[in-house]
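Every number here is computed from the coordinates shown, using simple stated rules; none is lab data. A quick note: this is a predicted structure, and the numbers were derived from the prediction, not measured. Cβ atoms come from the backbone with ideal geometry, glycine included; neighbour counts cover every protein chain shown.
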Amino acid sequence: MRLIDLEIFNLFGIFNHNIPYNQDERITLLTAPNGYGKTISLKTIYNLFNKKFNFFIKLSFDRIIYSFDNNKTIEIIKNNNIIKFTLNEDKKVIRSFDYPSKKLISQIKRGMPSSRLEEYVPPFIQRIGRDEWLNELTNEVLTFEEVIYQFSEYLPEHIIKQYDVEIPKEFLLILDSLQVYFIQEQRLVLRQAISDRNFKREVVITDTIEKYSNELSILIQQKIGEYAQITQELDSSFPKRLFQETINDENITDLKKRLTFRQEKSYKISKYGLLKLDEDSFFKEEDINDSEAKMLSLYISDSEKKLSVFDSLIDRIEIFTKILNERRFNFKSIEIDKEKGFIFKTDNNTPLNLTDLSSGEQHEVVILFELLFKVQKNSMVLIDEPEISLHVVWQKAFLNDIQEIIDLQKIDVVIATHSPQIINDRWDLTVNLEDSVIGK
């Protein structure tokens, strides 16, 4: 299922936006000056599919309509702080439900004062006033009602039942069928709240690029572990299976092709340091004869199964390193290291700290990593202002990079941007929100 159109009526009391999404090239660019709702348009998608319904209570709008490629729509109507969700198919109502109003939350508040709420909320939510709470991860000031909506999972079950809304299964089928990932404007640092044994609360700031390098190392180690397990299983049963293997003479040509492909894949895996492969173990095509075909057939089949563990990872690593090295970062290049994830070295082979990269270089690395290693296939990805800190030359190459990733990941991408360099010559992919002022 794919989202094909978004309509927002009376946004901020000013705009009526209609945003069709490009279905062929799978890239849509939102443009407009500041204040027209580009980022909000992305957030209306992200918050719906991630079931963060409190967002719609805070947002000023009348109606939002999401249209899908299966003739279904989800309509959200706001009326006096009551949010009604309606699922339609071929313009006929299938199911609807209301999201709780602030009046209902106020009733809960009378039975659970703020002092009691403090017992349940996560440590990064600090009470700073009679009815004010600070989210230390985002620096956002929240009301009691907003804390209830946003952090209901931390509350005891008997409290949740007082206000929680059960989402009808018809809606869940839609919302769970499309993964939506949001690459936000602030992406170079991550905030995490921790508590020590004395329940002293502290917010720790982590550099995103270092966290992602570590995540890649973990992913590589997982794949190496899977490879070792499959290798052990296949090698232990190889003799028995060898006597059961049959092959016809006419398959020798195909075996040679498979062998060549297998060896090319092996070299590639070795190139990125994921495995150290012994070149002496490689067969040469001219050495193959009919008497060896039976053993070689089984050997190739086993090798294909073992190496297939790395297929998806290698495809993503190839694009990741190719794009970054083609960027010609000043006097440096990226390398894959199975222990460290990814590393950068200067042209004279001196290792660099990841945080020594410029902010533009870090933005480039972080965006590409998220698109390739954190986003699931067939997802919708929302990117807010990818041009931040990027050199003009890099901005002009951005859409080509995105298209290459789309071809691999099969994702839909929506980009909010101010940059004509990001758009480059692809104005056919743009939706200009500047023409959406009511009465204009």
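For region 256-263, putting each phi into the Karplus relation 6.51 cos²θ - 1.76 cosθ + 1.60 with θ = phi - 60° gives couplings of 4, 5, 5, 5, 4, 5, 4, 5 Hz, in residue order, rounded to whole numbers and with x for Gly and Pro.
Summary of the geometry: region 1-60 and region 343-388, compared by the centres of their Cα atoms, lie 26 Å apart. Look at the dipole of region 312-436 built from charges on Cβ: of Phe329, Leu429, Gln403, the Cα furthest out on the positive end belongs to Phe329.
Projecting the Cα atoms of Leu382, Leu313, His418 onto the charge dipole of region 312-436 (Cβ charges, centred on the Cα centre) puts Leu313 farthest toward the positive pole.
Between the amide H of Phe15 and those of Asn10, Ile438, distances stay under 5 Å, these residues lying 5 or more places away or on another chain, with hydrogens modeled in the peptide plane.
Give me Arg127, Arg316, Arg95, Arg116 sorted ascending by neighbouring Cβ count inside 10 Å, so fewest comes first. Before the final figure, lay out the partial values.
On the way: Arg127 17, Arg316 20, Arg95 14, Arg116 10.
The most exposed by this proxy come first: Arg116, Arg95, Arg127, Arg316.
Taking other C-beta atoms within 10 Å as the exposure proxy, Asp401, Asp407 rank Asp407, Asp401 from fewest upward. With neighbour counts taken as other beta-carbon atoms within 10 Å, the residues Ile224, Ile218 rank, fewest first, as Ile218, Ile224.
In plain terms, the chain from Asn79 to Ile218 could stretch by 45.3 nm, reckoned as 0.36 nm per residue minus the Cα-Cα distance. Stretching the chain fully between Gln229 and Leu137 yields a gain of 29.1 nm (0.36 nm per residue, less the alpha carbon separation).
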